[in-house]
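What follows is a set of notes on a single structure, which appears directly below.
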Amino acid sequence: MATETLPQTGKNLGRLVEIMALLRKECPWDKEQTFQSLKPCAVEETYEVLEAIDSGKMDKLKEELGDLLLQVIFLSQLAAEDGHFTIDEVVDTICEKLIRRHPHVFGAEKVAGVAGVLENWEKIKQTEMPGERPSAIDGIPKDLPALMTAEKLQQKAAKVGFDWGDLEGPLAKAKEEFGEFEEVLRSQTIDKDNDGVSKGRLEDEFGDILFSLVNVGRFLDIHPEMALRGTIAKFYKRFRYMEAEAAKAGRNLKEMSLAEMDQLWERAK
């Protein structure tokens, strides 16, 4: 039986705005916050939303979405106090943008599927910001994680035709970059304790490998940031299993040989 869709009115947002305004007047911590001090909070809350989505726990997602929404309200409160804009203007701005960028929904324009929607979206964006982005690869937030930045950079370059024709191109490039990394690795003495020429060259080649793998993922519609986060979560789970199994035997991992730990790792898998 399908779950009945819940009505979403947004009527409680006003209460949150009022609470935030009161906190700014009465709470010592809230009174001290600035745009800059809230940046880490906004980033952290965003990632906690992602973690909640991955967990599949809707109660957790509800809580984390509230925390993320608080950051929007908090930053808007600061802006209102400084006379820049209000939360109502924030909401109006996104509403107007959504309507403007969906003429196939709110107007008479026709588009051909998802690809047509995305193409039209980009065209409309260009008309909204004439002259602000002279380069085709402008507009990527500088604080994005490196893997996400690489993905968006490649997507933007692809839109002007700077792209491989099919998957074989990025696959071959990834193999080529790994070969170059191995060549440098074997031809130079690596000093882990300094930032000499050898280490710098290796770092450069290693970056090329990562960038090329992002391209492979893009062709397969695999988001590298999400893929790596999944692998990290998997490692956490397996490593903790190893620790728990070692503890059951009255030991800890530091006392075990690599071969013994490998056995636990295989069992964790």
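For this structure, a couple of remarks:
- For the pair segment 78-153 / segment 48-69, the C-alpha centres are spaced 25 Å from each other.
- Per-pair calculated FRET efficiency, R0 = 51 Å: residue 5 and residue 168 via Cβ, rounded to 0.05: 0.70
- Neighbour-limited loop hits for GluC sites (Glu not before Pro), segment 1-101 (at most 11 other Cβ within 10 Å; DSSP other than H, G, I, E, B): 4
- Cα gyration tensor, segment 139-222 - rounded (a/c under 1.5), prolate or oblate: oblate
- When you filter the trypsin sites (Lys or Arg not before Pro) in segment 1-68 for DSSP loop state and at most 11 other Cβ atoms inside 10 Å of their Cβ, you are left with 11.
- The distance between label points at residue 140 and residue 118 comes to 1.6 nm (points 7 Å beyond Cα on the Cα→Cβ vector).
- For the pair residue 41 and residue 260, label points projected 7 Å from Cα toward Cβ lie 4.8 nm apart.
- Label separation (residue 99 vs residue 226): 3.1 nm, computed from points 7 Å beyond Cα along the C-beta direction.
- Farthest toward positive dipole pole in segment 226-268 [+1 Lys/Arg, -1 Asp/Glu at C-beta], among 258, 233, 268: 233
- For segment 84-186, applying the loop criterion from DSSP together with a ceiling of 11 other beta carbons within 10 Å to the chymotrypsin sites (Phe, Trp or Tyr not before Pro) yields 162.
- Cα gyration tensor shape for segment 106-264, rounded if a/c is under 1.5, else prolate or oblate: prolate
- Equivalent ellipsoid of the chain: semi-axes from √(5λ) of the C-alpha gyration tensor, largest first, are 40, 31, 22 Å.
- For segment 212-226, 3J(HN,Hα) computed residue by residue from phi via the Karplus equation (6.51, -1.76, 1.60; θ = phi - 60°) reads 5, 5, 4, 5, 4, x, 4, 5, 9, 6, 10, 7, x, 4, 5 Hz, glycine and proline entered as x.
- With contributions of -39500 (n - 2.57) from each DSSP H run of at least four residues, the per-residue ellipticity at 222 nm computed over the chain stands at -23500 deg cm²/dmol.
- Segment 13-100 - Debye-derived log10 I(q)/I(0), Cα point model, q = 0.12, 0.17, 0.20, 0.25 Å⁻¹: -0.42, -0.81, -1.04, -1.24
FYI, it's all coordinate maths here, none of it is from the lab. No experiment lies behind these values; they were computed from the predicted model shown. Virtual Cβ from ideal backbone geometry, glycine too; neighbours counted across all protein chains shown.
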